[in-house]
Amino acid sequence: MEKEGKKTEIGTLGEFGLIERINKHTVIKNPETRKGIGDDAAIIETGNGLMAVTSDMLVEGIHFDLSYTPLKHLGYKSAAVNISDIAAMNALPKQITVNLALSNRFSVEAVDEFYKGIFLACENYGVDLVGGDMSSSTSGLIISITALGGVANEDVTYRSGASENDIICVTGDLGAAYLGLQVLKREKAVYLANPDMQPELDHFDYLVKRHLRPEARMDIIYELKEAGVKPTAMIDVSDGLASELLHIVKASGYSLNIHSDKIPIDDLSFKTAEEFDLDPLTCALNGGEDYELLFTIGQSDYEKIKYLNDVTLIGYITGKGTKAHLVTKGGDAIPLTAQGWHHF
C-alpha cells in the first residue's frame, strides 16, 4: 500500500482515515461475512442467526492512567466498552476473550484484581469468559478484548439504516465521563505538587464513576425489545456525540439536525464544566467515553418510546445529504464537527 520512498505520517490520516484506507484494500471472500469494517461490530452468519464480533484495545498511558484507575474498575471497563459495541448492533452479548500484555511490575495479585472486574462484568451482562492470551510487555499494560454476541437476522441494526424524518434519540446524559477525567487529572496534579494533599472527590462521585467504570446500556436494548421497537440505525457514544452523528450521516447518506436545548447534560456535569471554565455543551458533544447509545427510530415508533426512562429525543434526520447541524435556541444551524479524542 505504501509507495517506495514515500512516507506519510499516520497523523495526517487519523484513526478513521487509516481504517478507511485499510478498508479500501479489504476483500470479503466468504459469503458468511454479512458486515465487515465500518460499524460497531462485524456481523457474521452462523446458520442459526447472526453473530456480532467486536474488538477493542486499551493501552496504558493512552487510554488509562493507573495512578488513579483501580485495576478492578479497569477490568470492568475493558469488558463493558466491548459489550457496548455489541449493544449498538441491537445484539445480545454472549462471550468475551481477554488478551493482556504485562510488564514485570505487575504482580499475580494485580492480575487477580483486574480479573475481578472482568468477572463482575461477565456476571452483570450474562457473558462468558471463554479464552484469551497473555504476553510480556516492555511498556506497561496493554489490554485487548474481543466480544461476541447473537442477533436474529431481522433484528440487526447498522449505522447505515437511518431514513428521512427518523427521530434521533440518545440514552442517559453526555459529557460526564470527560468531566470525570478532568477531575481526576486535576487531583493528580494537586497530589504531585503536594503529596500531603488528599484528593477531593466526594462531590464528583457520579462523574468519576462514569469515567472509571462506565456501563454498557444493555438495559435500553431490552427495553426497546419489550416495547417492540427496532432502531433504524444505532451507534454507541465512545468518541463523542458529534463524531457518532457524523458516522451515521456518512453511513446512511442522510443529513440531520439536532437541537442544543435537547441534549441531555447532568446538573453536576453542567456545574463542573463551568468550574473548569469549559462549555457544558461542548463537553457533551465532544467529550467521549460516555458509552451511551445513539439511535434513530421511525416516526411510527414515537408513541412506543416517548415514555421510556433515560431516552431523550434530540433531533431528526432531514433528508438525503452529508450535512449535520446543531440548531441553537435562537434557530441558527451550526455545522457539526468532530472534536473528540484523536489517535495519532
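The values are calculated or read from the model by the stated rules, or taken from the named source; none is laboratory data. Fair warning: this is a prediction, and the values are worked out from it, not measured in the lab. Glycine also receives a Cβ, built like all others from the backbone with ideal geometry; neighbour counts cover every protein chain displayed.
Yes or no: the range 105-127 includes at least one residue that is under 20 Å from the mean Cα position of the chain (by Cα), basic (Lys, Arg) and more than 16 Å from residue 59 (Cβ to Cβ). There is no residue in the range 105-127 that is under 20 Å from the mean Cα position of the chain (by Cα), basic (Lys, Arg) and more than 16 Å from residue 59 (Cβ to Cβ). Can we say residue 167 is crowded, with 17+ Cβ neighbours inside 10 Å and either over 29 Å from residue 48 (Cβ atoms) or under 15 Å from the mean Cα position of the chain (by Cα) (or both)? In short, yes.
Take the range 77-133 and flag every residue that is among the small types (Gly, Ala, Ser), in contact with a helix residue (DSSP H, G or I) (Cβ under 9 Å, 6 or more places away or on another chain) and buried (at least 17 other Cβ atoms within 10 Å of the Cβ). Hits for the range 77-133 are 78, 79, 80, 84, 87, 88, 91, 117, 121. Of all the listed residues (26, 69, 54), the sole one being over 22 Å from residue 151 (Cβ atoms), at pLDDT 95 or above and of a type in the set (Ser, Thr, Tyr) is 69. Selection of the range 287-308 for residues being polar (S, T, N, Q) and touching a residue at least 60 places away in the same chain (Cβ under 8 Å) yields 296, 299.
Here is a yes/no grid of residues against (1) modelled with pLDDT under 95; (2) among the hydrophobic types (A, V, I, L, M, F, W, C); (3) over 26 Å from residue 238 (Cβ atoms):
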{"position": "196", "(1), (2), (3)": "yes, no, yes"}
{"position": "199", "(1), (2), (3)": "yes, no, yes"}
{"position": "210", "(1), (2), (3)": "no, no, no"}
{"position": "220", "(1), (2), (3)": "no, yes, no"}
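Only one of the numbered conditions (1) surrounded by fewer than 23 Cβ atoms within 10 Å (Cβ to Cβ); (2) touching a residue at least 24 places away in the same chain (Cβ under 8 Å) is not met by residue 226, and that is (2).
With the requirement that a residue be out of contact with any strand residue (DSSP E or B) (no Cβ under 9 Å at 6 or more places or on another chain) and not in a loop (DSSP other than H, G, I, E, B), what does the range 118-167 give you? Residues satisfying the conditions are 120, 123, 124. Helices (runs of 4 or more DSSP H) fully within the range 175-252 that include at least 2 residues being in contact with a Leu (Cβ under 8 Å, 6 or more places away or on another chain) and not assigned by TED's automatic domain parsing to the domain that holds residue 305: none found.
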